[in-house]
Amino acid sequence: MGQKVNPYGFRLGITTDWKSRWFEERHYREFVVEDWKIRDYLMTQLEAAAVSRIEVERTRDRLRVDIHTARPGIVIGRRGSEADRLKKKLEEITGLQNRIQLNIQEIKQPELDAALIAQGICDQLVRRVAFRRAMKRAIQTVQKAGAQGIKVQCSGRLGGSEMSRKEQYREGRVPLHTLRADIDYGFREARTSSGRVGVKVWIYKGDILPYKVSIEDKITREAAMAVGETSGQSGPRRLITAGGGRRKADFGAPGEDAPAANGAAPDSDLLDEYVIDTPAGQEEIAVDIVEAPVADDLADDAPEAPVADLLPVAPTEPDDLERQLAKDEEMERQNRHQHHEAPHFRKESD
């Protein structure tokens, strides 16, 4: 028997975040069952809304449910009627009256979402489309969207045959053993007339390298150095955060005690009013909005910055992790021409 590992759970805490963000010791069992009921009800009611995933976050007395969908109009309904109906039903399931926040987030690129690709294949199988054609069409769609690799697997009574079997096709690279690989995994079941057919999709979008500065951060830092200021970011960006809570801008990294400005305690009421919604995988950051002075007004009073301050700082000696990753990338670059590319739509059967 092969030892199969779920790509999401394999990278949990490294490149993927938790789908349920809460902690409870006394009522842990009840909350787990409650989360399952919430997801089961929403997925049943929103079968035609192209829902990819549902995230649940709990605080002391509130519950937040995030629905990631490619068709937000169906979830919201006419004038918000559908969203209100779902919210009332969730209040009945959880017993929290007027303490549930329902957020509907749109998926910008549904072609790169593994769960939605798997759902699309299932819909075609229910309509009696040939499974090979449905799988190859999905592979072409994902490749046109810019993915570096995709693997699709269907298992069950394919084509109405009496004996079940597995069929899978792969295109590009899908490194399942690489932890830093950004692999989106989705699983759906198609209820056909001859039985259920399971569909699994793996989409490889590239590597997540925490030691490399992103393009946006680099542009921000260069623009700040051009005017003689610091970029305002002391360390590399964190990929994921456990808990998903709010963190004040005046505080440093988790576990560090950073004093407030001017030696006074930060005004939590003012900071909590401004929250920036960040993309998935990053935490929400509460910031204090302050009017910045005009650069022309500061030009006369501030002394001219020395030329040495405007030059980029020399990079420090890389640590063991960066040295090892650089060595691995160099070996892959040297051996790249030795590997033969896999043919298109190669079938891998057991």
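The values are calculated or read from the model by the stated rules, or taken from the named source; none is laboratory data. Here the structure is a predicted model, which means the values were calculated and not measured. The accessibility values were calculated without ligands, DNA or RNA, using every heavy atom of the protein model including side chains. Shrake-Rupley method; radii C 1.70, N 1.55, O 1.52, S 1.80 Å.
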Please figure out what share of the DSSP beta bridges in the range 1-92 is antiparallel and state it in percent, rounded to the nearest 5.
-> 70
Quick one: which residues, 5+ away or cross-chain, put their amide H under 5 Å from the amide H of residue 12? H built at 1.01 Å from N.
-> none
Over the range 37-122, what is the mean sequence separation of C-alpha contacts under 8 Å (at least six apart), divided by residue count, expressed as relative contact order in percent?
-> 31
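Where only protein heavy atoms count, and the probe is 1.4 Å, what is the accessible area per residue for the range 1-67 in Å²?
Values: 4430 Å² over 67 residues.
Ligands and nucleic acids excluded, the figure is 66 Å² per residue.
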Enumerate the calculated ³J(HN,Hα) couplings along the range 102-111 in order (Karplus 6.51 cos²θ - 1.76 cosθ + 1.60, θ = phi - 60°), each rounded to whole Hz, writing x wherever the residue is Gly or Pro.
-> 9, 10, 10, 10, 8, 8, 6, 10, x, 5
For the range 163-175, what does the Karplus curve 6.51 cos²θ - 1.76 cosθ + 1.60, with θ = phi - 60°, yield as ³J(HN,Hα) per residue in whole Hz, taken in order and with x for Gly and Pro?
-> 9, 6, 7, 10, 9, 9, 10, 9, 9, x, 9, 9, x
Applying the Karplus parametrisation 6.51 cos²θ - 1.76 cosθ + 1.60 with θ = phi - 60° to the phi angles of the range 124-138, what ³J(HN,Hα) value in whole Hz is obtained for each residue in order, glycine and proline being reported as x?
-> 6, 5, 5, 7, 6, 7, 4, 5, 5, 5, 5, 5, 5, 5, 5
